[in-house]
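Take a look at the structure set out below.
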Amino acid sequence: MTTALPDWVTTLSSALDGRMGLELLEASAERVVGRMPVTGNTQPYGLWHGGASCVLAETLASIGASAHGLPDKVAVGVDLNATHHKAVREGWVTGTAVPLHRGSRVATYEIVLHDDQGARVCTARVTCQLIDRRT
């Protein structure tokens, strides 16, 4: 069963998300879930690229932090930490971001990425600064 995404999510799509094949599955301040295909996001050895893990993690955390900041603030990443646990050669990498801290100026999310078999691929932590929305 797929949950309908909120309308505000469409304003957060980027060219990088499209090039990497990001599919957003769920989005709220409490939980963000998305996935990317391994194909097209590999390093020279044919393995899922660690940079792709970082893009997925930061995107999911930024969406969660943006949801938290609505309607007056937007989120910009200021810190990213990622530990890569396992190589992936095919399929999809799915990430789930949950908040560790949601304040008035800063939001921090933990993101767990896993492969199609449910094995943990990467654990990341992203901190976003919440800034006033410029109109």
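Read-outs: derived from the displayed coordinates by stated rules, not from any lab. A quick note: this is a predicted structure, and the numbers were derived from the prediction, not measured. Neighbour counts are summed over all protein chains in view; Cβ atoms, including those assigned to glycine, are modelled from backbone coordinates with ideal geometry.
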Which loop trypsin sites (Lys or Arg not before Pro) in the stretch 1-90, with loop taken from DSSP, have no more than 15 other Cβ atoms within 10 angstrom of their Cβ?
Arg31, Lys86, Arg89
So what are the ³J(HN,Hα) numbers for the stretch 109-124, from phi and the Karplus equation (6.51, -1.76, 1.60; θ = phi - 60°), rounded to whole Hz, Gly and Pro as x?
10, 9, 10, 10, 9, 9, 8, 5, 8, x, 6, 5, 9, 7, 10, 10
Expressed in nanometres to one decimal, the distance between label points 7 Å along Cα→Cβ at Val76 and Thr42 is 3.7
Between Ser104 and Ala15, what is the label-to-label distance in nm when each label sits 7 Å out along the Cα-to-Cβ direction?
3.8
Highest-MSF residue in the chain out of Pro37, Pro99, Pro71 [GNM, Cα springs under 10 Å]
Pro71
Given H placed 1.01 Å from N in the peptide plane, which residues other than close sequence neighbours of Arg31 have an amide H under 5 Å from its amide H?
none
Highest GNM mean-square fluctuation, the chain, Cα pairs closer than 10 Å: which of Ala119, Ala57, Ala97?
Ala119
Between Leu56, Leu113, Leu47, where does the largest GNM mean-square fluctuation fall for the chain, given springs only between Cα atoms within less than 10 Å?
Leu47
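So how much slack lies between Gln129 and Trp8, counting 0.36 nm per residue of separation and subtracting their Cα-Cα distance, in nm?
Here the segment from Gln129 to Trp8 would lengthen by 41.7 nm.
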Compactness relative to 2.2 N^0.38 Å, alpha carbon Rg of the chain
1.01
